[in-house]
Amino acid sequence: MRTPKICILRIEGTNCELETSFAFTRLGASAEIVHLKQLTGAVNERERRNLKDYDLLVIPGGFSSGDYIRAGAILAARIKGALGAEIADFIENGSPILGICNGFQVLVEMGLLPGPSFGFAHEKGAIQRVALTTNDSARFECRPTFIKHENRGKCVFTGGIEKGSILKMPCAHAEGKFFIAEQEGEWGEVMEYIQLLEESDQIVFRYVDPEGNYAPYPWNPNGSVYNIAGICNPEGNILGLMPHPERAFYSFTDSEWSRRKRKGEGKKEDTCFGDGKKIFESVLNYISKKSYL
Amino acid sequence: MELNVTIKLKRGVADPEGENTKKALNLLGFRDVRSVKSLKSFRIEVEPGEGEGEDEEKVKQEVEEMCRKLLANPVIHDYEIEVVKSERR
C-alpha cells in the first residue's frame, strides 16, 4: 500500500507544524511541511508542490500573519484567493482537511465549516452564521481541556474514538468562542441552528469537566455556545477543533503525566501515547481505506 | 484619497474587551463610565484614479468590498467607511 502523503500548510506565523508533522510521521505517514507559496506557484520549479498529490491537508495552529485583523482572516483570504479552485476539487474528491486551533479559525473564515450547505461565507445568497470570536475572558486561555466525543460516526477523523469518550487535550487561544449569529435577535434561533448541526451529525467535540458534564468556565475555556469545541462539515471530511491533538500525541506532554504514572493509572500503551493520537490514527485509517477503494 | 474604516461588533455580540476596560475604568475611580465598546479602525490610502478627478463613490464601493472580503467578518461585525481626505485637483 502507498504511504499516505500529508500536506501541512505553513505561512508566516504558524507554529504547530512541526509537532503535527512528527505525529503523522510517527504513525508511518509521509508528512511534509509545505509553504502556501509552494502550492500557489510563487516559487521555482523544484520547490513547486501540487495539492492534488496529497491525501490530507492540515492547517496547523499558530498565529498566521500575526493574527492581524482577526485570527485566521488573512490566511483564509489568501487561500481563497490563490487556491480556491484547488481546495474545492480537493474536498470534492473526499480528501480530508484538518484545522487545528488557528486552522479551525481559517476554515470557519473560509466558510468551509460548518459547510457549503450552511452557506459559503461572503458569497451571494448564502450567509455564514458562525464565527470564532474573542474569548469571554478577553484573555489568551492556555490550559488542558477535556472534550467529549459527540459524533455519531460521520466524521472521518474520529472513526476510532468511541462516542461519549472523554479526551484530554490542551487548548491555547484568544479567539476561540464558537459563536452563532442571531438573525432577529432571538435566542431560539441559535438553538435551532445547533439542532441543525446536531441533526446532520456535525458536532464532533464539546467541552466537559473531568466527570463528563457540560460545564461552564474554566472547563469551557472560551464561552463557546453549547460548549462546542470542534465541528465537521456535513460530509464529515473536514474537521476543525480548537484544542491541540498534536500536543497530546505522547502522554508525556500531558501536564499530569508524572502524577498519573505514580498512581499507576492507565494501560501500558496509554503510558506512551496521549489522547490526541486517536485523531491522527483515525484519519490515516480512513485514507488507507479510501485509497484501497 | 484616504479613508477611515471603522470595524465594530454588531449589537448582541459580546465584547469582553470593552467590558473589562469598563470594569478597570470604574475601579480607577471613573464611576460615570457606563459602557465601553472596543472598535478597530484602518486608515486606507487609495491611489488617485486615472482621468478627470476621482470617483469617490467608486472608491468607496471598492473599500466596502475590502471590508466584506477581509477587514470585517459579516457574522459579527458592522463597518463604517468615511472619507477623510479626497484629492481634488
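Please list, in chain and number order, the residues 5+ apart from A:SER224 or on another chain whose amide H is under 5 Å from its amide H, with Hs placed from the backbone.
A:PHE178
Return a whole-number percent for the relative contact order of chain A, with Cα pairs under 8 Å and 6 or more residues apart as the contact set.
18 percent
By how many nm would the segment from A:ILE127 to A:PHE22 lengthen if fully extended, with 0.36 nm per residue of separation less the alpha-carbon distance?
Full extension of this stretch gives 34.1 nm more.
Quick one: Karplus J couplings for region B:62-69, per residue in order, coefficients 6.51, -1.76, 1.60, θ = phi - 60°, nearest Hz, x for Gly and Pro?
5, 5, 4, 4, 4, 4, 5, 7
Under the rule of -39500 (n - 2.57) per DSSP H run of 4 or more residues, summed and divided by the residues of the protein assembly as shown, what mean residue ellipticity at 222 nm is obtained, to the nearest 500 deg cm²/dmol? Intermediate results must be reported in sequence, preceding the final value.
Details: 9 runs with 103 residues, N = 382.
Calculated mean residue ellipticity at 222 nm is -8500 deg cm²/dmol.
Under a cut-off of 20 Å between alpha-carbon atoms, report the lysines in cross-link reach of B:LYS69, not counting same-chain residues fewer than 8 places apart.
By straight Cα distance, B:LYS69 reaches A:LYS80, A:LYS124, B:LYS8, B:LYS10, B:LYS40, B:LYS58, B:LYS60.
Sequence-distant or interchain residues sharing an amide H contact under 5 Å with B:ASP55, placed H: which?
Counting only residues 5 or more places away or on other chains, the set is B:GLY49.
Rounded to whole Å, give me the distance from the Cα center of region A:142-161 to that of region A:176-197.
Answer, in whole Å: 22.
Counting other Cβ atoms within 10 Å, which GluC sites (Glu not before Pro) in region B:1-53 have at most 15 and lie in a DSSP loop? Can you show the working numbers first?
Numbers: sites: B:GLU2, B:GLU17, B:GLU19, B:GLU45, B:GLU50, B:GLU52; in loops: B:GLU50, B:GLU52.
Answer in residue order: B:GLU50, B:GLU52.
If amide hydrogens are placed 1.01 Å from N in the peptide plane, which non-local residues have theirs closer than 5 Å to the one on A:TYR250?
The list, which skips near neighbours in sequence, is A:GLY274.
Springs between alpha-carbon atoms under 10 Å, Gaussian network over chain B: tell me which of B:ARG43, B:ARG68, B:ARG31 tops the mean-square fluctuations.
The residue with the greatest mean-square fluctuation here is B:ARG31.
Only bridges whose two residues both fall in chain A count here: according to DSSP, what percent of them are antiparallel, nearest 5?
Expressed as a percentage, antiparallel bridges in chain A total about 60.
Given contacts defined as C-alpha pairs under 8 Å and at least six residues apart, what's the relative contact order of region B:2-85, whole-number percent?
For region B:2-85, the relative contact order is 51 percent.
What's the longest piece of chain A with no exposed GluC sites (Glu not before Pro), counting a site as exposed if DSSP puts it in a loop and it has at most 14 other beta carbons within 10 Å?
The segment A:13-122 is the longest one with no such site.
Taking every residue in A:134-143, how many Cβ atoms of other protein chains lie within 10 Å of its Cβ, on average? Let's see the in-between values first.
Working: counts 8, 3, 3, 2, 9, 3, 0, 0, 0, 0.
Mean shielding by partner chains, rounded to a whole number: 3.
What are the ³J(HN,Hα) values, in whole Hz, obtained from phi via the Karplus relation 6.51 cos²θ - 1.76 cosθ + 1.60 with θ = phi - 60°, for each residue of region A:205-210 in sequence order, with x given for Gly and Pro?
Result, ordered by residue: 10, 10, 5, 9, 8, x Hz.
Over all directions, the average projected area of the alpha-carbon convex hull for chain A comes to how many nm²?
So the mean shadow area of the Cα hull is 15.7 nm².
Which chymotrypsin sites (Phe, Trp or Tyr not before Pro) in region A:14-113 pass both tests, a DSSP loop state and at most 12 other beta-carbon atoms within 10 Å?
A:TYR68
Scaled to the compact-protein estimate 2.2 N^0.38 Å, what is the alpha-carbon radius of gyration of region B:2-85, rounded to two decimal places?
1.43
Taken together, the values in this text are just the output of simple stated rules run on the coordinates, not laboratory data. Not measured: the values here are computed from a predicted model. For neighbour counting, all protein chains shown are included, and Cβ atoms are generated from backbone atoms with ideal geometry for every residue, glycine included.
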